[in-house]
Amino acid sequence: MTKDNFNPKGKVFKQRLQACLDDAKTTYKISIGQDSGRTVTWQTKHHVAHMFLYNQYKSTKPEKYHLTKKTISWDHFSDPKIVWSTIKQADF
């Protein structure tokens, strides 16, 4: 399929993804993989860790924030009552 005749309406995600990958190969002569091998749990764990450790909020701040670092407060982050859907407290 080319981008000229592909209509994404009514297509499932895998069909839209395949059209995008095919277009990259046709237009730019590159192949892009679909799977990095990362699991949802791995990605979520690393995303949460990155958000806590590295992302600083410039113009906004999280509801529970560290007063001087502008990151998520460790007190909030480490609270055992908070449910992090696929994250285990022991991971951190």
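Since every read-out is calculated from the coordinates, none of them should be taken as a lab result. Bear in mind the structure is a predicted one, so any value in this text is a computation, not a measurement. Cβ placement follows ideal geometry from the backbone for every residue including glycine, while neighbour counts extend to all protein chains displayed.
Observations on the model:
- Working from label points 7 Å from Cα in the Cα-to-Cβ sense, the Thr41 to Lys11 distance is 3.4 nm.
- Fully extended contour minus Cα-Cα distance, from Met51 to Asp23, at 0.36 nm per residue: 6.8 nm
- For Ile72, nonlocal amide neighbours, meaning residues 5 or more places apart or on other chains whose placed amide H falls under 5 Å from its own, are His66.
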